[in-house]
Amino acid sequence: MSDLSLRAMTNDHGFRVIAARTTDSVREVLARQKVSGELAHGLADLVTAAVLLRETMAPDIRVQGLLRGAGGHGQLVGDSFPDGGVRGLAQVKGDRGAFSMGPGAQLKMMRSLANGSLQQGIVDVGTAGGVAEALTQYLAESEQLVSVARVGSIFAGDELLQAGGFIVQLLPEVDRPQHMIMTQRLEDFPPLEKYLSEPEFSAQMLIDELLFGMPSTPLGRQELRFHCRCDETLVLGALATLSRQDLQEMVDDGEGLEIDCDYCTKHYDIAIERLRALLTES
């Protein structure tokens, strides 16, 4: 079973459902970041939330989520890109076990708008009750969407077994009987972990359960995978923004520069000749 996001809408235009399996992508994110415990749970759910928000609001635009730990202890980053690439980052200094998603932890979701401005909103994760509940609150307050979001991940020790989630969005044309049916269905819907524990868990499984008995039409599908955007050109571009004095000091050091990508841990050796070229260009 591969990672996939699916979008569907009921034929009466009453509801839109977005579901995703993110297991393999998230597993790679956690391995690159070497996280465990609550950090791993938080990063897994954050990456899934970023995927679902992008598929709901901006399939063709990058979406980023930030999860700041309670007391400002550490920050997690989840990125979802239009080509299905996802990545994540754990920025935590000192005791990683001190990271908490309790009261005071904040979820910040960001996406670009057509006019170039940034749509963003912040929700207290601890008060909301978790990443999924915070995402539901974000959709209501920042996107003005009546929706229910669920994200989750299950582990065996430090090993991720499954990750995924869904968003059910209420559309303006829904009629009262269908609204009542879906409301009751969501109230009675089993915990997401029930589906995540299934060996054959998939995005389609969630779509089928949520829209059972409701004629619907697929709207789109997107294969998901871990993919970092870093390359040497981007690294050199970042170095080019440094002051001439900083570049000169690197050249004078005479040893080139070694840089590791925070997202994927890829190692870059920037030769002294490349630094001299940047100095000449600046």
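What to note about this one:
- A DSSP coil position with no more than 14 other Cβ atoms inside 10 Å describes the following GluC sites (Glu not before Pro) in region 169-239: Glu173, Glu200.
- Exposed loop sites were defined as trypsin sites (Lys or Arg not before Pro) in DSSP loop states (anything but H, G, I, E or B) carrying at most 16 other C-beta atoms within 10 Å; in the chain the longest segment without such a site runs 94-228.
- Aspartates and glutamates with Cα under 18 Å of Lys34, excluding same-chain neighbours fewer than 8 positions away: Asp24, Asp45, Asp79, Asp95, Asp158, Glu159, Asp260, Asp262
- Cα-only Debye scattering, the chain: base-10 log of I(q)/I(0) at q = 0.08, 0.13 Å⁻¹: -0.38, -0.88
- Extension gain, Gln91 back to Glu141 (0.36 nm per residue minus Cα-Cα distance, nm): 15.3 nm
- A simple spin-label model places the labels of Tyr268 and Leu113 3.3 nm from each other, with each point 7 Å out along Cα-to-Cβ.
- Whole-Å distance, taken between Cα centres, linking region 1-44 and region 150-195: 12
- Gyration tensor verdict on region 1-66 (Cα atoms; rounded if a/c is under 1.5, prolate if a/b is larger than b/c, oblate otherwise): prolate
- Nonlocal amide H pairs with Gly164, under 5 Å, H built at 1.01 Å: Thr22, Gly152
- The simple spin-label model puts a point 7 Å past each Cα toward its Cβ; for Leu186 and Ala277 those points are separated by 5.4 nm.
- With the largest listed first and rounded to whole Å, the semi-axes of the equivalent ellipsoid of region 232-281 from the Cα gyration tensor are 19, 12, 9.
- In this calculation the C-beta distance from Asp252 to Lys34 is compared with R0 = 41 Å, giving a FRET efficiency of 0.75.
- Seen from Val123, the other residues with C-beta closer than 14 Å to its C-beta sum to a net charge of -3, counting Lys and Arg as +1 and Asp and Glu as -1.
- Once C-alpha pairs closer than 8 Å and six or more residues apart are averaged by separation and normalised to the residue number of the chain, the relative contact order reads 24 percent.
Any read-out appearing in this document is the output of simple, stated calculations on the displayed coordinates, not a laboratory observation. Bear in mind that the values here come from a model prediction, so they are computed numbers and not experimental data. Note that we place each Cβ from the backbone using ideal geometry, even for glycine, and neighbour counts take in every protein chain shown.
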